[in-house]
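Peer 1: The structure follows.
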Amino acid sequence: QVQLVESGGDLVQPGGSLRLSCEASGFTVDFKHLGWFRQAPGKEREGVSCIASTDSTRYYSNAVKGRFLISRDIAKNTIYLQMDNLKPEDTGVYYCAAGGPCTEVVGNAWAYDVWGQGTQVTVSS
């Protein structure tokens, strides 16, 4: 079955770093666009980053640009989100998703077909 599984979320102090992973099954990560989203309590889900299936073009939201990096490992069928210089406003549940658009407008959640269960990221002192 088609599935995405996120991992790597943790509690970290401001300025710290985390690396999230998203392992895909049932499809290959170079066949679909993949994106990272996040949602804080009481807030709408927002796009964070995406990577295009064809040419690996990467896009980021303005909130994380310069601090986060998305990457892809075809052999492991996994994508990653390296998060540096974390801020309290980065706190939320982070989701990996597949099948939506990936353009300079990071993506719309409604357009994505497959979602992971999410992993909690908490940035606090």
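The values are calculated or read from the model by the stated rules, or taken from the named source; none is laboratory data. A quick note: this is a predicted structure, and the numbers were derived from the prediction, not measured. All Cβ positions, glycine included, derive from the backbone under ideal geometry; neighbour counts span all protein chains shown. Each accessible area value is taken on the protein alone, full model and side chains, heavy atoms only, with ligands, DNA and RNA left out. Shrake-Rupley method; radii C 1.70, N 1.55, O 1.52, S 1.80 Å.
Peer 1: Can you give me the number of residues within the range 30-58 that are closer than 20 Å to Pro88 by Cβ and charged (D, E, K, R)?
Peer 2: Going through the range 30-58 one residue at a time, the tally reaches 5.
Peer 1: Considering only the range 71-80, I want to know if a residue exists there that is of a type in the set (Phe, Trp, Tyr) and surrounded by fewer than 22 Cβ atoms within 10 Å (Cβ to Cβ). Before you say what the answer is, go through the steps one by one.
Peer 2: Going through the range 71-80, the residues of a type in the set (Phe, Trp, Tyr) turn out to be 80.
Filter again for surrounded by fewer than 22 Cβ atoms within 10 Å (Cβ to Cβ), leaving 80.
Yes.
Peer 1: If you don't mind, another one. Of all residues in the range 25-37 being assigned to a strand (DSSP E or B) and open to solvent by less than 10 Å² (accessible area, probe 1.4 Å), which is nearest to Ile74 (Cα to Cα)?
Peer 2: For the range 25-37, the residue satisfying everything is Leu34.
Peer 1: Restricted to the range 68-79, and to residues that are assigned to a loop (DSSP other than H, G, I, E, B) and in contact with a strand residue (DSSP E or B) (Cβ under 9 Å, 6 or more places away or on another chain), which residue is farthest from Gln39 (Cα to Cα)?
Peer 2: Lys76
Peer 1: For the range 80-95, give me the residue count where each residue is in a strand (DSSP E or B), more than 16 Å from Lys65 (Cβ to Cβ) and out of contact with any Gly (no Cβ under 6 Å at 6 or more places or on another chain).
Peer 2: 3
Peer 1: Which residues, taken from the range 85-95, are open to solvent by 60 Å² or more (accessible area, probe 1.4 Å) and in contact with a strand residue (DSSP E or B) (Cβ under 7 Å, 6 or more places away or on another chain)?
Peer 2: Lys87, Pro88 - these are the residues of the range 85-95 that are open to solvent by 60 Å² or more (accessible area, probe 1.4 Å) and in contact with a strand residue (DSSP E or B) (Cβ under 7 Å, 6 or more places away or on another chain).
Quick grid of which residues meet (1) on the phi < 0 side of the Ramachandran plot; (2) among the hydrophobic types (A, V, I, L, M, F, W, C); (3) in contact (Cβ under 8 Å) with a residue 12 or more places away in the chain:
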residue: Arg38; (1), (2), (3): yes, no, yes
residue: Val48; (1), (2), (3): yes, yes, yes
residue: Asp55; (1), (2), (3): yes, no, no
residue: Tyr59; (1), (2), (3): yes, no, yes
residue: Ser71; (1), (2), (3): yes, no, yes
residue: Lys76; (1), (2), (3): yes, no, yes
residue: Asn85; (1), (2), (3): no, no, yes
residue: Asp90; (1), (2), (3): yes, no, yes
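Table: residues versus (1) open to solvent by 50 Å² or more (accessible area, probe 1.4 Å); (2) closer than 15 Å to Val5 by Cα; (3) out of contact with any strand residue (DSSP E or B) (no Cβ under 9 Å at 6 or more places or on another chain); (4) assigned to a loop (DSSP other than H, G, I, E, B).
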position	(1), (2), (3), (4)
Leu20	no, yes, no, no
Gly42	yes, no, yes, yes
Ser49	no, no, no, no
Tyr59	yes, no, no, no
Gly66	yes, no, no, yes
Ala97	no, yes, no, no
Val106	no, no, no, yes
Gln117	yes, yes, no, yes
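Peer 1: Can you pull out the residues in the range 68-85 that are within 18 Å of Glu6 (Cβ to Cβ) and charged (D, E, K, R)? Before you say what the answer is, go through the steps one by one.
Peer 2: Applying the first criterion (within 18 Å of Glu6 (Cβ to Cβ)) to the range 68-85 yields 68-73, 76-83.
Matches in the range 68-85: Arg72, Asp73, Lys76.
Peer 1: From the set of residues in the range 1-32 that are more than 16 Å from the chain's Cα centre (by Cα) and among the aliphatic types (A, V, I, L, M), which is modelled with the lowest pLDDT?
Peer 2: Checking each candidate, the answer is Val2.
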